[in-house]
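Structure first, then comments.
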Amino acid sequence: MAGALRSAVGGIRSLRDLIRRHGRALEADLRSEYGVRLRDLYTGDLTWRELISYVDGLPPGSRVRTALNGGRTEPTPEAVVLADIFDMLQHVDWHIVASNVDKKAKLPKTPKPYPRWWTAAPKAAESKRGDRLVRLEAARARRRERADAIAAGLIA
């Protein structure tokens, strides 16, 4: 989350970019978590400093964090611990079964680890997302060029 907010020049610019890209998710998170409206920022009831504090304090399962991760939820500490416990119990069970197998028999397959969606990123989704961002930036550049040409009187 901190990387998303401080990746650009300053904190306010990063927050404005976050609002532009994920405004609906941010509005919903602020409302559900803190009872604050995003429009309070523009009426003066909410400062930029308060907003960045609220955004930094959002829980792992929040809509903004999910949107920043490309639609994948962040794991809670409990989910990580439960996955580790599951793997440990699978291995203990496998060792018990393997130690009781006849010497001439084939050993059972080792257990597969619990799937951890938070460790491996899907390659296809990331490339799609990157292509989309490139197309969006190109469209914005064309729009700016057209607006400049209209302002200069080159086109109507």
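The values are calculated or read from the model by the stated rules, or taken from the named source; none is laboratory data. Keep in mind that what you see is a predicted model, and the values were worked out from it rather than measured. As a convention, Cβ positions derive from the backbone with ideal geometry for all residues, glycine included, and neighbour counts pool all protein chains shown. Just so you know, the surface numbers come from the protein's heavy atoms only, side chains and all, with ligands and any DNA or RNA stripped out. Shrake-Rupley method; radii C 1.70, N 1.55, O 1.52, S 1.80 Å.
Dividing the mean sequence gap of close Cα pairs (under 8 Å, 6+ apart) by how many residues region 12-141 holds gives a relative contact order of 18 percent. Per the 1.4 Å probe, what fraction of the accessible area of region 34-107, in percent, lies on carbon and sulfur atoms? Heavy-atom surface of region 34-107 belonging to carbon and sulfur, 1.4 Å probe: 57 percent.
Projecting label points 7 angstrom from Cα along Cα→Cβ for residue 17 and residue 110 puts them 4.2 nm apart.
Mean residue ellipticity at 222 nm, helices only, the chain: -19500 deg cm²/dmol; runs of at least 4 DSSP H residues each add -39,500 (n - 2.57), and the sum is divided by the number of residues. With both labels modelled 7 Å from their Cα along Cα-to-Cβ, the residue 148 to residue 31 distance reads 3.9 nm. Placing unit charges on the Cβ atoms only, positive for Lys and Arg and negative for Asp and Glu, gives the chain a dipole magnitude near 820 debye about its Cα centre. Taking only alpha carbon atoms, region 21-156 gives an Rg to Rh ratio of 1.25, where Rh is the Kirkwood radius.
Is any helix in the chain, taking whole DSSP H runs, at least 24 angstrom long along its axis by alpha carbon and on average at least 0.0 on the Kyte-Doolittle scale, and which ones? Within the chain the helices that satisfy the rule are 77-99.
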